[in-house]
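Chemist: There's a structure below that I have some questions on.
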Amino acid sequence: MLSIIVLLLIGVTVFLKSKKSLHMLQQNLYNENNRYLKWVFKNYFHFFNLEVLAIIILLGATYIYDATGEVLYLFLICIYLYEIYSVKKLLDSSQEKKPLVITSRVKRLIITETVLYLIPIIIIALNRYNTRILLLMLLILAIMSYLNYFIVYICNIINKPYEKGVYYHFLHQAKSKLKSINGLKVIGITGSYGKTSSKNILADILNYKYNTLPTPRNLNTPNGLMITINNHMDKFTEIFIAEMGAYKKGEIKELCDFVHPKYGILTRIGTAHLETFGSEKNIEDGKFELIESLPSDGIGVLNRDDPKQVHHKLKNDVRLLWIGIDSDDVDVKAENIKCNYKGTTFTVKFKGDKKKYKFETKLLGRHNVYNILAGLALGKEFGITPNELITAVKGVKPVEHRLELKNLGNFYMIDDAYNSNPTGAKGAVEVLGMMPGTKVVVTPGMIELGKKENEYNKEFGRQIAEYADYAVLIGEQHTKPIYKGLIEKGFKKENIIVYNDVRDAYTFINNITGKKKEVYALFENDLPDTYSE
């Protein structure tokens, strides 16, 4: 009877631990580029728990099984009750920004994992009167529970052939659908950052005249494009805007071979995902795969204010449209940019048109002007007149979590929490600097910037010191470089607050709202669950 209780408690432990394991596997793109394994080894501290003691006890009991009895099982029951309590407490206290989504793929992983754990249980059932086999199988189950992260990884490997078959089935379905829609214009958008904003802005502009389908949210992988095409595209779609993300060279080319864009927009080339790309040159070459995959009668939109785009040696003869703010030799140029807390105004000069056009938008920040210029360049090519473009830009909606201004009653939030990069973070604090009243920055810093990550975060600290009154750092370890940058710039120590839970930042901000008439708080970046401290 006691052995059955131990078995049930191990089962509950596995169930709780699997929620975390599957969540991290999903967050790490099912171990694409070994992301999941890297996370496991980076978080090795999860392996220090009382389950080790249970394994040692069972290992010893397997060799002296004739001396085992109720005391052994009582020890094991206490260990697993405590482990269940610990894991449950950890799960309840974790700040899940994006919870585990029970997709068909996750369901298949759960089935495979269940089968693996059932094997020792079936052996126990078939040999229920054999004490040594019972103890041996309990030992195996205890080891499997302890190494649950690796068991889920093994399940992912087992399911890989089937998942590949599912992938190719939906890929063929999506390709057939693309071919079936006559006259469909396909636009690809990529870059180190600004892809989603640029895509949403372009969609709002082109929707003025065309039935446009952009990939929703940040679905910028092959699976994301397939989901969009198979589930959302119909015969009335005139323009498909495909956001294209990548972690290494060749991935943008793979997406282009799938959807065959005729038009392409390259936002900015920076250091995002430097760790996985390996070098800045690899990032540049990887992003230019979009422009170099366009047909000879296609159009690529590039930014002349980005030195990497200007100096890149293009491998095809596609027609280029250049946009810019600081550069003069461009097809679409913005001038007289004025920003405040209500939005941005600027004038635009189109090449070959002597007239200057005044635009206004609710969007904040200079970088959004670049995104609008790219939309104007293609909008004009698609036959939308400058006056129509003025109206379209005025109606462009703020992009969720990208310098989105929100009135939260006691304070104004500038929500730039989607992700962060050195250029975007600098632009965000500059936008904060335009606001009246008390200025607060809430941030966990930037990630996936390779060897330069600490350097960039330290510089970010210096930039915060220039514009903010308070700095609220989320995660003591990861924000140490930001703290150093703040101190080096002479920022007051008492105005630097460190929390491990972003929810504490809201309490802090609410406590300072009475000191001045208005408080503006920039929430810069929101690290994924894989970076929780």
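Every read-out reported here was derived from the displayed coordinates using simple, explicitly stated rules and does not represent laboratory data. No experiment lies behind these values; they were computed from the predicted model shown. Don't worry about glycine lacking a Cβ; one is built from the backbone with ideal geometry, like all the others, and counts go over all protein chains shown.
Chemist: With labels modelled as points extended 7 Å from the Cα through the Cβ direction, what inter-label distance (nm, one decimal) is found for residue 176 paired with residue 345?
Modeler: 5.5 nm
Chemist: Once each part is reduced to its C-alpha centroid, what is the distance from the range 29-92 to the range 348-384 in angstrom?
Modeler: 59 Å
Chemist: Determine the principal axes of the Cα atoms in the range 151-220, then give the extent along each, sorted from largest to smallest and rounded to whole angstroms.
Modeler: Result for the range 151-220: principal-axis Cα extents of 50, 32, 15 Å.
Chemist: In debye, nearest 20: dipole of the range 168-241 around its Cα centre with unit charges on the Cβ of K, R (+) and D, E (-)?
Modeler: 120 debye
Chemist: A further question follows. Among bridges DSSP assigns within the chain, what percent are antiparallel (round to 5)?
Modeler: Working: 18 of 58 bridges.
Approximately 30 percent, going by the DSSP bridge assignments.
Chemist: Beyond 23 Å, what share of the Cα-Cα pairs of the range 404-531 is found? Please give it as a whole percent.
Modeler: Values: 1765 of 8128 pairs.
For the range 404-531, the fraction of Cα-Cα distances above 23 Å is 22 percent.
Chemist: Find the eigenvalues of the gyration tensor of the Cα atoms of the range 182-394, then list the square roots of 5 times those eigenvalues as equivalent ellipsoid semi-axes, largest first, in whole angstrom. Let's see the in-between values first.
Modeler: On the way: eigenvalues 126, 86, 53 Å².
Semi-axes from the Cα gyration tensor: 25, 21, 16 Å.
Chemist: Additional query: Considering all alpha-carbon pairs of the range 100-179, what whole percent are spaced by more than 22 angstrom? Display every interim value, and only then the final one.
Modeler: Numbers: 1396 of 3160 pairs.
That tail contains 44 percent of the Cα-Cα pairs.
Chemist: Hey, can you list the DSSP H helices of the chain whose Cα span along the axis is 30 Å or longer and whose average Kyte-Doolittle score is at least -1.0?
Modeler: Values: long enough: 2-27 (38 Å, 1.23); 70-93 (34 Å, 1.04); 104-126 (32 Å, 1.54); 148-180 (45 Å, -0.29).
Helices meeting the criterion: 2-27, 70-93, 104-126, 148-180.
Chemist: Continuing with the same structure: Roughly speaking, what is the stretch gain from residue 335 to residue 316, that is 0.36 nm per residue apart minus the C-alpha to C-alpha distance, in nm to one decimal? Please list the in-between numbers first.
Modeler: Details: separation 19, 0.36 × 19 = 6.84 nm, distance 3.11 nm.
Roughly 3.7 nm would be gained on extension.
Chemist: Moving on. Considering the dipole of the range 141-288 built from charges on the beta carbon (Lys and Arg +1, Asp and Glu -1) around the Cα centre, which of 246, 283, 180 is farthest to its positive end?
Modeler: 180
Chemist: So, one more: Which value at 222 nm does the chain reach when only helices count, each DSSP H run of 4 or more adding -39,500 (n - 2.57), with the total divided by all residues and rounded to the nearest 500 deg cm²/dmol?
Modeler: On the way: 20 runs with 267 residues, N = 533.
Taking each H run of at least 4 residues, the total per residue is -16000 deg cm²/dmol.
Chemist: Please arrange 318, 310, 12 by counting, for each residue, the other beta carbons lying within 10 Å of its beta carbon, fewest first.
Modeler: On the way: 318 19, 310 13, 12 16.
Least crowded to most crowded, the residues run 310, 12, 318.
Chemist: With 5 Å bins from zero, work out the P(r) of the range 2-161 over every alpha carbon pair and list the percent per bin.
Modeler: 1, 9, 18, 20, 19, 14, 10, 6, 3, 0, 0
Chemist: Here's another thing I want to ask about it. Which value in nm describes the separation of the simple spin-label points at residue 103 and residue 497, placed 7 Å from the Cα toward the beta carbon?
Modeler: 3.8 nm
Chemist: Report the per residue volume, in Å³, of the convex hull enclosing the C-alpha atoms of the range 250-328. Don't jump to the answer; show the numbers that get you there.
Modeler: Details: hull volume 7.0 nm³, N = 79.
Normalising the Cα hull of the range 250-328 by residue number yields 89 Å³.
Chemist: While we're looking at this one, here's another question. Only counting other Cβ atoms within 10 Å, I'd like 400, 238 sorted with the fewest neighbours first. Walk me through the numbers on the way to the answer.
Modeler: Values: 400 13, 238 16.
In order of increasing Cβ crowding within 10 Å: 400, 238.
Chemist: To continue, here is another question. Return the Rg/Rh value of the chain, two decimal places, where both radii are evaluated on C-alpha atoms and Rh is the Kirkwood radius. Write down the numbers at each step before the final one.
Modeler: On the way: Rg = 27.3 Å, Rh = 26.0 Å.
With Rh from the inverse mean 1/r over Cα pairs, Rg/Rh is 1.05.
Chemist: Which of 86, 420 has the fewest other C-beta atoms within 10 Å, and how do the rest follow up to the most? Please report the intermediate quantities before stating the final value.
Modeler: Values: 86 15, 420 25.
The most exposed by this proxy come first: 86, 420.
Chemist: Let me ask you something else. Which of 308/394; 199/248; 308/426; 199/249; 175/249 have a Cα-Cα distance over 28 Å? Mind showing how you got there, number by number?
Modeler: Values: 308/394 31 Å; 199/248 21 Å; 308/426 19 Å; 199/249 22 Å; 175/249 23 Å.
Over 28 Å Cα-Cα: 308/394.
Chemist: In Å and from the alpha-carbon atoms only, list the Rg and Dmax of the range 226-295.
Modeler: Computed over the Cα atoms of the range 226-295, radius of gyration and Dmax are 13.4, 42 Å.
Chemist: To the nearest 20 Debye, how big is the dipole of the chain about its Cα centre, given +1 on the beta carbon of each Lys and Arg and -1 on that of each Asp and Glu?
Modeler: Values: 69 positive and 56 negative charges, 190 e Å.
Taking the Cα centre of the chain as origin, the dipole is about 920 debye.
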